[in-house]
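The values are calculated or read from the model by the stated rules, or taken from the named source; none is laboratory data. Small disclaimer: the values here were computed from a predicted structure and weren't measured. All Cβ positions, glycine included, derive from the backbone under ideal geometry; neighbour counts span all protein chains shown.
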Amino acid sequence: MTKLFALLAILLAGTTIFYGFTQQSALVLRQEQQNNHWVRHDTRTSGSYRGGIWVASPTRQTYGGFRGGGPGAGK
Amino acid sequence: MSSPKTQRTAKFLDSFTYLTLLSTAGIFACLLVSPIFMRSLVSKTIQVDPDVPEQLPPIQLKKEPIGALRIDVNAAIPENHWVTYEIQLKDQQGQVIASGIKQAWNESGTWAEEGESGTWAEDDLTGGLDVRPTQAELVTITLNILEYSDISGKEIDQPVPFEISVVNGAVDTRYLWTGIIGTAFLAFLAILVTPFSGKVIIDKFIGDSDISGRGILGGTNNLVRVSVNIKSDEHSPPVLNVLVVINDGNGEQLYSDSHRIYLSLNKSEGGKVTGANGKLSSFFILEPRGSYGFHVEVTPDATVDRTEIIVREHCKTLFPVSVTSLKSIQ
C-alpha cells in the first residue's frame, strides 16, 4: 500500500516540478495549440494564433459590459 | 525457556512512507530555490492615459529551458472605480503577438445585516501574463486602458498609474504548490496505513478478557506485530495489565510478559465515563517459521467487555521499535 503512495507521490512530484520549472502554463508565443495555458490573476487572453499570427478575439469587443466585482456584484 | 532478547531497531522502518514524505520535501526545496532563476528586467510605475497605449523599452527574448517571461501589472485606481486594461506583446514589426485582458476593480461600501453593520473594501487589481518564447526575438510590452469608469459607469479620462514588473525565468509555483499539497496528502495516507502493514495471520475477538489464537508465521527478517485492542465498561480502572504468552508448535512457552496499558476514557457530554479503550502493540521475531500460539489475558477482568487479538507478519513501522527475538527449538 505505501509502495503505491510512494510511487504516486514521486510521479506527482516529478510532474509538478517539470511543469513548474518549464512553465507549461505560460502562453507559448506563435503556437496554435495552447493545451496547458493556465491563466494567472484572472487575466484572460484576448486572442489566439491562426497560422502563427495573433488574431484578436471577437469577444474582445465585449469588455465594455464589465460592471465591477466585490460583494456588491450580483446583488 | 531461554531469556528473550529485546532490541530497539530501525530495520523495519517503512522506506516507502519516508519516500512519500521525501517527495513533499523535494518539491518544497524546489519551491525555495525557484527564485534564483528569476532576473528582473523592469520594475517601475507608469502613467497610462485611457485609449493611449504606453510602451516599455524592447526586451530581447530567447527560448530558455527554465521559466518564462512574467509580466505582472497592478493598477492603482481609487475606490469605487473600474478599469479594463490589456497587456500586449508586440514584435519588431509592431504586430501584436500576444495579449491579455484584465478587468480590475476597487470597491468599498457599507453593509447592514441583522442589526449589525460595517464597511467593506475589496479589490482585484493585479493582472499577469506568462509567455514562453519559441525563438529569439525582440518584443515590446504595451499597456492599454480599454475602459476606465466609476461604479456608476461614467467614463473617466484621467491617467492611471500602473506598477509594472517584468521578470524573466519565472517558475510557475502554482504547480509546485499543487504537488506539495498532493504529496503531503499521500504522505498523510501512508503514515495512516503504515501501522496496518503486513499480512493478518490471526484476527479474533471475544466478549471477555482472555483470548488465544494459533497460526503459521515467522522466519528470519519477518517482523511480527501482536496488537491487542480492549474495550472496558464505565467502571473501568485507568490501567489494565495485559499478559501476552507465546508458545511454539510443541506447546513450549517461549515468552510470557505482562504489559501495563493506560486506557483512553470515553466520556458523555456531562463528563461521565461511559467506557474505555486500550491498545497494546508488541513486536517479535519468531524463528524458525512454524506454528505459534498466542494467548492474551487482561486483568483485572471484571470491567473488560471485549478483547481482540490481531497478529500480522511482514510488518513495517513508522518509528524504530523494540523487537523481542524468540527462538523455538524444534
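Computed quantities for the displayed model
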{"quantity": "Residues of segment B:135-179 satisfying the condition of being touching a helix residue (DSSP H, G or I) at 6+ places or on another chain (Cβ under 7 Å), hydrophobic (A, V, I, L, M, F, W, C) and farther than 30 Å from A:T15 by Cβ", "calculated": "B:L146"}
{"quantity": "Strands (runs of 3 or more DSSP E) fully within segment B:90-176 counting 3 or more residues that are small (G, A, S) and farther than 28 Å from A:Y49 by Cβ", "calculated": "B:96-113, B:116-124"}
{"quantity": "Scan of segment B:88-115 for residues that are surrounded by 22 or more Cβ atoms within 10 Å (Cβ to Cβ), of a type in the set (A, V, I, L, M) and more than 7 Å from every other protein chain (Cβ to nearest Cβ), ordered by number", "calculated": "B:L89, B:A104"}
{"quantity": "Segment B:269-323, residues that are part of a loop (DSSP other than H, G, I, E, B) and of a type outside the set (D, E, K, R)", "calculated": "B:G270, B:G271, B:P288, B:P300, B:A302, B:T303, B:H314, B:C315, B:L318, B:F319, B:P320"}
{"quantity": "Residues being within 28 Å of the chain's Cα centre (by Cα) and either assigned to a loop (DSSP other than H, G, I, E, B) or under 17 Å from B:G293 (Cα atoms) (or both) - total across segment B:185-226", "calculated": "4"}
{"quantity": "Hits in segment A:17-68 (condition: at pLDDT below 85 and among the small types (G, A, S))", "calculated": "A:S46, A:G47, A:S48, A:G51, A:G52, A:A56, A:S57, A:G64, A:G65, A:G68"}
{"quantity": "Among (1) free of Cβ contacts under 8 Å to residues at least 60 places away in the same chain; (2) away from chain A (no Cβ under 12 Å) - the single one B:E54 does not satisfy", "calculated": "(1)"}
{"quantity": "Lone qualifier among B:L280, B:L240, B:L286 - being out of contact with any Asp or Glu (no Cβ under 6 Å at 6 or more places or on another chain), among the aliphatic types (A, V, I, L, M) and farther than 19 Å from B:D208 by Cα", "calculated": "B:L286"}
{"quantity": "Residue check for B:N144: more than 10 Å from every other protein chain (Cβ to nearest Cβ) and over 39 Å from the mean Cα position of the chain (by Cα)", "calculated": "yes"}
{"quantity": "Output for segment A:6-60, where each listed residue is of a type in the set (S, T, N, Q), out of contact with any Gly (no Cβ under 8 Å at 6 or more places or on another chain) and in a helix (DSSP H, G or I)", "calculated": "A:T59"}
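One line per residue, one yes/no per condition, for (1) more than 8 Å from chain B (Cβ to nearest Cβ); (2) surrounded by 15 or more Cβ atoms within 10 Å (Cβ to Cβ); (3) small (G, A, S); (4) within 13 Å of the chain's Cα centre (by Cα):
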{"site": "A:I10", "(1), (2), (3), (4)": "no, yes, no, no"}
{"site": "A:T15", "(1), (2), (3), (4)": "no, yes, no, no"}
{"site": "A:A26", "(1), (2), (3), (4)": "no, yes, yes, yes"}
{"site": "A:G52", "(1), (2), (3), (4)": "yes, no, yes, no"}
